[in-house]
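Data first, discussion second: the structure below is written as structure tokens.
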Amino acid sequence: MNTNNATSLALKVCLIAGVILMAIGLLLSESEYGDSIMWIGLLVLIASPFVGVFATYAGLIAEKDKNWIIVATILIAIILVGLAISLLR
């Protein structure tokens, strides 16, 4: 599987899982777990671009494309620093 297909598959899986979770949460909105399930679905949808970046990174490592591995490593470092800063506030 090439890098584009792996990234596409990861994004599709996250999208489908997030939408299904949000739909289940909406159906269960009258129960005590409905809001929690909807929040989990929303978090899955928010996290899907990051999953795509990590899938691309894994594909680049498998293809041994050193130049793009460096670019992806910098991008992942920026994402992690931004996440750390936002969590420490």
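The values are calculated or read from the model by the stated rules, or taken from the named source; none is laboratory data. Model, not experiment: these values are computed from the prediction. Neighbour counts are summed over all protein chains in view; Cβ atoms, including those assigned to glycine, are modelled from backbone coordinates with ideal geometry.
If the requirement is being modelled with pLDDT of 95 or more and surrounded by 14 or more Cβ atoms within 10 Å (Cβ to Cβ), which of these qualifies: ALA10, ALA17?
Working: ALA10 fails: modelled with pLDDT of 95 or more.
So the residue among ALA10, ALA17 that is modelled with pLDDT of 95 or more and surrounded by 14 or more Cβ atoms within 10 Å (Cβ to Cβ) is ALA17.
Restricting attention to segment 31-46, which residues are surrounded by 14 or more Cβ atoms within 10 Å (Cβ to Cβ) and modelled with pLDDT of 90 or more? Don't jump to the end; show me each part of the working.
Taking segment 31-46 as the starting set, the residues that turn out to be surrounded by 14 or more Cβ atoms within 10 Å (Cβ to Cβ) are 34, 37-38, 40-42, 44-45.
Matches in segment 31-46: ILE37, MET38, ILE40, GLY41, LEU42, VAL44, LEU45.
If you scan segment 47-70, which residues turn out to be exposed (fewer than 14 other Cβ atoms within 10 Å of the Cβ) and not small (Gly, Ala, Ser)?
PRO49, GLU63, LYS64, LYS66, ASN67, ILE70 - these are the residues of segment 47-70 that are exposed (fewer than 14 other Cβ atoms within 10 Å of the Cβ) and not small (Gly, Ala, Ser).
If ILE78 satisfies all but one of (1) more than 17 Å from ASN5 (Cα to Cα); (2) in contact with a helix residue (DSSP H, G or I) (Cβ under 7 Å, 6 or more places away or on another chain), what's the number of the condition it fails?
(2)
If the Cβ limit is 9 Å and pairs must be 6+ apart or interchain, which residue in segment 38-65 that is closer than 22 Å to THR3 by Cβ and assigned to a helix (DSSP H, G or I) pairs with which residue that is basic (Lys, Arg) and at pLDDT 90 or above?
LEU60/LYS66
Among the candidates SER86, SER29, which residue alone is part of a loop (DSSP other than H, G, I, E, B) and without any contact (Cβ under 8 Å) to a residue 12 or more places away in the chain?
Values: SER86 fails: part of a loop (DSSP other than H, G, I, E, B).
Answer to the check: SER29.
Take segment 1-26 and flag every residue that is among the polar types (S, T, N, Q) and in a helix (DSSP H, G or I).
THR3, ASN4, ASN5, THR7, SER8
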